[in-house]
Structures are given as structure tokens and as C-alpha cells.
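Worksheet for the structure shown next.
Any read-out appearing in this document is the output of simple, stated calculations on the displayed coordinates, not a laboratory observation. In this text, all values refer to a predicted model and were calculated from it rather than measured experimentally. Here Cβ is always computed from backbone atoms with ideal geometry, including for glycine, and neighbour counts include all displayed protein chains.
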Amino acid sequence: MKKLVFLSLLLLSAITFAHAQDNMLMGAGSSFDNPLFSKMFSEYNKKTNVKVNYQSIGSGGGIQQLTSKTVDFGASDAPLNDEQAQKIGVPALHIPVTAGAVAISYNLPGVKTQLKFTGDVLAEIFLGNITKWNDAKIAALNKGVALPNMPIVILHRAEGSGTTNIFTTYLSSVSANWKDKVGKGGAVNWPTGLAAKGTEGVAGLITQTPGGIGYIELAYALQNKIAYATIENKAHKYIAPSIASTTAAANVEMPADGKIWLTNTEAKDGYPIASFSWVIIYKEQNYNSRSAASAKQMLTLLWWMIHDGQKLSTALNYAPLPAKAVKVGEKILKSATYNGKAII
């Protein structure tokens with residue numbers, strides 16, 4: 001009798017565990033996306049009882065976990081590069097889920113005027129060639145501002161990061177010096193500065209470091225009341241990061257695979273350090289004994305994210321996906337398969 005009760009309890013536990021797994025999705029990656037994802041996944045759980053466990057570990061970490069098949073999806077602010085795609089080894093899909101701006105934030109006690117930067121001056125700062133806040137090149141862009149005779153402290157990400165990729169891609173497009181000496185990528189050899197993990201870490205370091213300057217997603221700058229600069233774009237207009245200026249940058253023709261850079265935009269009112277962010281999944285979803293139900297559940301979540309989930313964007317200072325991006329996202333999601341057959 002005791003044995004029968006034990007076996008019954010064991011079976012009940014197994015069923016409960018399976019049910020929990022059926023109502024659980026795992027994701028990891030972009031800290032750029034984390035404020036929006038936290039709200040999206042909370043609201044989705046209220047509507048569907050599906051829990052999404054998302055780890056904000058940086059785009060590079062998310063891609064690593066997707067590659068090792070320990071998560072259902074990875075999130076990245078940059079498409080897979082050739083090396084990453086080769087390591088995955090099978091077709092992967094990039095679904096654009098949001099667009100956001102990378103703010104150049106700084107901590108200058110006593111300076112209340114919003115600073116201006118050109119791409120070239122920003123590159124020289126992050127190269128370590130401009131070392132004081134009252135340098136003549138910064139002063140020339142910010143006439144009338146009492147800039148302090150204070151050392152500039154460069155603050156950057158410690159780990160592989162899509163936000164770093166966005167920023168260094170921008171710098172490489174506006175500065176030949178930066179392109180030759182450092183280049184672009186999720187992880188680069190920084191010439192100088194202090195490192196912190198995640199956008200959360202860099203934002204915290206900026207607030208703690210008088211004279212500090214770093215790059216963070218706009219939502220973090222606003223939530224933490226950190227000052228941020230306007231940046232000169234291709235139209236020679238100084239543009240602040242905002243929903244409107246990110247939307248202007250994101251109003252582009254989308255390629256069928258969803259992968260496109262928005263940095264150094266041609267849009268006259270567009271902010272030049274903006275980007276789409278993507279959820280990346282395997283095209284063929286039958287792997288690692290994955291059930292068809294789990295695959296359908298994930299695709300249903302992603303469909304909701306690019307449709308109803310976009311209503312949550314504006315309040316958190318992300319730009320809702322343009323209609324062109326939603327249309328491309330729909331086609332990409334419809335191309336996902338289980339045993340070669342479309343899931344949705």
C-alpha cells in the first residue's frame with residue numbers, strides 16, 4: 001500500500017513538473033531589452049499563465065546559451081555574426097521585437113545644460129585622446145557651458161554586449177580613427193576606461209563616478225535620472241534620444257531576414273545611435289526532445305510580443321515596431337517549423 005501511495009505521489013510530481021514546464025519559457029540575453037521584457041512577460045503571464053524566465057546577461061551571453069540549447073530563445077541587439085552563426089550550425093531566425101536608443105550618459109556635477117557631441121569628438125573621447133571635460137573640442141560644441149577642469153572617466157561594458165556592438169558600429173561609421181584602432185563588435189579592446197557588467201552595471205557606475213561617461217539604453221538613463229547628450233546626425237542636426245527620434249531612425253525598408261543596422265541614420269530627425277533588437281530562435285524547433293506544444297507556445301509568445309506587446313513600449317521609452325518591421329516579423333515567425341512543418 002505504501003509503495004502504491006509513493007508511486008502515485010511520484011507520478012503526480014512528474015505530471016506537475018511537466019505541467020510547469022509546459023507553462024514555462026526560458027530566455028536570456030540583452031540587458032538593453034530588459035526593462036521592456038520585464039513588463040511584457042509580466043503582462044503575458046497575467047493573460048496566459050505562461051511564465052517567461054528571462055536572464056538579463058547581455059547579448060553575448062544570450063547567444064551562448066541559445067547555442068548550447070539551454071534556453072528557448074536568445075535576445076540580442078545585434079544580429080549573429082559569421083562566427084556565432086557557424087557555432088550554432090543550423091538556420092536561426094531573427095525576429096525584430098523592439099527599437100531603442102543608446103544614450104551617451106555622463107555625470108558632471110554642477111552642469112545643468114544638456115551637452116552636445118559630434119561622432120568624431122565622441123570617438124576621440126572613448127579612444128582616450130580627449131581626457132578633460134573642458135577640452136577645447138568639447139568646449140567648441142558647447143559654447144557658454146561652464147565645463148569643469150575634471151578628468152574624463154570612460155565607462156563601458158565588461159562582457160559581450162549588443163549595446164556595445166551598436167555603439168562601436170556607430171563610432172566605426174563616423175570615425176576612421178576609431179575604425180582603424182578599435183573597430184566594431186560586441187566585445188572590443190577598449191583603449192581606456194572602467195568596465196561594468198550589463199547596462200544596469202554601467203548605469204550604476206555612471207551615477208557613482210563624477211566625470212564619468214558611458215553608453216546605456218535610454219530607459220536606464222531616464223529611470224535613473226542620468227544626464228545624456230544630444231548627438232549630431234548625418235543631417236548635421238543635434239538630436240536627443242527619444243521615442244520620436246528612434247522611430248524616425250527605424251522607419252526603413254526591412255530586409256526579409258529582419259537584420260538591419262540603424263546607426264548613423266539618413267533620417268534628418270533620426271537619432272544616430274539607435275537599433276532594432278531581436279529575439280533569436282532555431283528555425284527548426286524539434287531539438288533536444290523539445291515538444292511541439294513548447295514550440296507552439298514560444299511562437300505564440302513572440303507573435304504577441306510583436307503585436308499586442310508593442311502597446312507597452314512607449315511608456316518605457318522604447319519605440320514601437322514600425323508596420324514594416326511587424327510584417328517582416330510575421331513572415332519570419334511563420335517560417336519556423338517543427339519536423340519541417342510550419343508551427344503557425
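Here the gap between Tyr287 and Lys331, fully extended at 0.36 nm per residue and compared with their Cα-Cα distance, gives a gain of 13.7 nm. The amide H of Met24, built 1.01 Å from its N in the peptide plane, has Lys51 as neighbours under 5 Å, considering only residues 5 or more places off or on other chains.
Rounded to the nearest 10 degrees, the angle from helix 198-208 to the longest Cα principal axis of the chain is 40 degrees. Share of pairwise Cα-Cα distances greater than 28 Å in the stretch 102-274 is 16 percent (whole percent).
Relative to the longest principal axis of the Cα atoms of the chain, the long axis of helix 292-306 makes an angle of roughly 30 degrees. Panel order for Asp72, Asp120, Asp77, by other beta carbons found within 10 Å of each beta carbon, from fewest to most: Asp120, Asp72, Asp77. Between helix 34-48 and the chain there is an angle of about 30 degrees, using the helix long axis and the longest principal axis of the Cα atoms.
Bridging of Lys87 to aspartates and glutamates at a Cα separation below 20 Å is possible for Asp72, Asp77, Glu159, Asp257, Glu284, once same-chain residues fewer than 8 apart are set aside. For the chain, the longest piece that avoids every one of the trypsin sites (Lys or Arg not before Pro) found in DSSP loops with at most 12 other C-beta atoms within 10 Å covers 144-224. Paramagnetic label reach from Asp269 (point 7 Å along Cα→Cβ; backbone nitrogen cut-off under 20 Å): within the stretch 218-234, residues 230-234. From least to most packed, judged by other beta carbons within 10 angstrom and beginning with the fewest, Tyr318, Tyr44 follow the order Tyr44, Tyr318. A full extension of the chain between Ala195 and Ser68 corresponds to an added length of 43.1 nm, given 0.36 nm per residue minus the alpha carbon distance. Simple point charges give the picture: +1 on the Cβ of Lys and Arg, -1 on the Cβ of Asp and Glu, and for the chain a dipole about the Cα centre of about 600 debye. Assuming R0 = 22 Å, can you tell me the calculated FRET efficiency for the pair Ala158 and Asn134, based on Cβ-Cβ distance, to the nearest 0.05? For R0 = 22 Å, the calculated efficiency reads 0.15. Projecting the Cα atoms of Tyr318, Ile273, Thr263 onto the charge dipole of the stretch 215-336 (Cβ charges, centred on the Cα centre) puts Tyr318 farthest toward the positive pole. Placing unit charges on the Cβ atoms of the charged side chains and taking the dipole of the stretch 113-202 about its Cα centre, the candidate lying farthest along the positive direction among Gly185, Asn165, Gln114 is Gln114.
Dipole magnitude for the stretch 130-243: about 240 debye, using +1 per Lys or Arg Cβ and -1 per Asp or Glu Cβ, origin at the Cα centre.
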